[in-house]
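Engineer: Have a look at the structure that comes next, please.
The values are calculated or read from the model by the stated rules, or taken from the named source; none is laboratory data. These figures come from a predicted structure and were not determined experimentally. Here Cβ is always computed from backbone atoms with ideal geometry, including for glycine, and neighbour counts include all displayed protein chains.
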Amino acid sequence: MPTHHDINYLEFPSTNLNASKAFFQSVFNWRFTDYGNEYTAFSNDAMAGGIYFSTITSNTDNGAALLVFYSENLDQSRAVVVKAGGTIKQDIFSFPGGRRFHFTDPGGSEFAIWSES
């Protein structure tokens with residue numbers, strides 16, 4: 001059940017829906033439901049949303065919001081992202097409260113993963 005004013009659904013662009021779907025299924029175990037050739041919905045235990053086809057991607061370089069995942073083992077998550085076809089945009093760095101790295105999925109949008117240590 002949605003909670004008032006909580007983020008309820010998340011959508012982001014991809015230049016290659018099939019590659020993005022394969023990546024997110026492999027890295028985060030997302031499940032997908034396709035709605036035509038230009039949109040797919042995803043879900044997992046914590047979040048639901050969609051990926052839509054676009055020639056423009058979501059990147060912090062152009063002012064986009066950054067979607068940040070949490071990891072219990074940042075080095076392991078980095079290895080899984082690379083193995084699944086993600087590209088490291090900014091390697092692991094420290095910030096107040098932890099460490100993180102930024103990557104793009106095969107569809108070109110930027111994300112980050114962080115951990116306390």
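Engineer: Which condition number in (1) within 18 Å of Phe101 (Cα to Cα); (2) in contact with a strand residue (DSSP E or B) (Cβ under 6 Å, 6 or more places away or on another chain); (3) of a type outside the set (Gly, Ala, Ser) is the one that Glu72 fails?
Structural biologist: (2)
Engineer: Limited to region 75-107, what total is found for residues that are farther than 16 Å from Ser14 by Cβ and surrounded by fewer than 15 Cβ atoms within 10 Å (Cβ to Cβ)?
Structural biologist: Looking only at that region, the number is 14.
Engineer: Sticking with this one: Only one residue in Ser77, Ser58, Ser26, Ser43 is under 23 Å from Asp6 (Cβ atoms), within 14 Å of the chain's Cα centre (by Cα), at pLDDT 95 or above and small (Gly, Ala, Ser), so which one is that?
Structural biologist: After applying the criteria, what remains is Ser58.
Engineer: Limited to region 75-106, what total is found for residues that are at positive phi and part of a strand (DSSP E or B)?
Structural biologist: Adding up the residues that qualify gives 1.
Engineer: If you don't mind, there's one more thing I want to ask. What residue, among those in region 1-27 that are of a type outside the set (A, V, I, L, M), assigned to a helix (DSSP H, G or I) and in contact with a helix residue (DSSP H, G or I) (Cβ under 9 Å, 6 or more places away or on another chain), is surrounded by the fewest Cβ atoms within 10 Å (Cβ to Cβ)?
Structural biologist: Selected residue: Ser26.
Engineer: Quick one: Asn73 ticks every box in (1) under 21 Å from Trp114 (Cα atoms); (2) free of Cβ contacts under 8 Å to residues at least 12 places away in the same chain; (3) not small (Gly, Ala, Ser) bar one, so which box is it?
Structural biologist: (2) is the only condition that Asn73 fails.
Engineer: For region 34-73, list the strands (runs of 3 or more DSSP E) that sit wholly inside it and hold at least 1 residues that are among the polar types (S, T, N, Q); which are they?
Structural biologist: 39-43
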